[in-house]
1. Out of (1) touching a helix residue (DSSP H, G or I) at 6+ places or on another chain (Cβ under 7 Å); (2) outside any loop (DSSP other than H, G, I, E, B); (3) of a type in the set (A, V, I, L, M, F, W, C), the odd one out for MET1 is which?
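What follows is calculated from the coordinates using simple rules that are stated; it is not laboratory data. Remember, it's a predicted structure, so these values are computed and weren't measured experimentally. Virtual Cβ from ideal backbone geometry, glycine too; neighbours counted across all protein chains shown.
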Amino acid sequence: MIYSVDVRIKAPVRDTEVTNRVGDAVENIFPGVELDHEPGKLVGETHELERFSERLHEQAILDTARREFAKRRDDDGFSFALKKQAAFKGVVNFSVGNPDELGDIDVHVTVRDPSVDEVIDYIAPPTEDGRPVDPNDR
């Protein structure tokens, strides 16, 4: 599928953290992201979610991802938060409840084409019996 998205990523950098390690955490999940250091945070943008989608499939957390996307979805896209420590190890761990004391990686996806639902279905397809299914085959 060809899609067009703008992915905006913000990750706080606490005084006790090494900026490059926070950057590595973000890049482990979103390779190719262009990060800029701003006071107290890293801010970046990318236009692809392939590696993120691969991680969701590998970790078999598609249903969890879909639930998280639905919580903060609107007509233009969706948002979610990830734990930095897990991301540093290349693992997707959604932040739910209270933010981590070191802060979470906040991600906002603006969908340009095709639709928000189609992009979500591509990144984290619906499942049946734990296996991804094409939503058009349902």
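1. Result: MET1 fails condition (2) only.
To keep it simple, each residue is scored yes or no on (1) touching a residue at least 60 places away in the same chain (Cβ under 8 Å); (2) more than 12 Å from the chain's Cα centre (by Cα); (3) over 20 Å from SER4 (Cβ atoms).
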residue	(1), (2), (3)
PRO39	no, yes, yes
ASP75	no, yes, no
GLY103	yes, yes, yes
VAL107	yes, no, no
ILE120	no, no, no
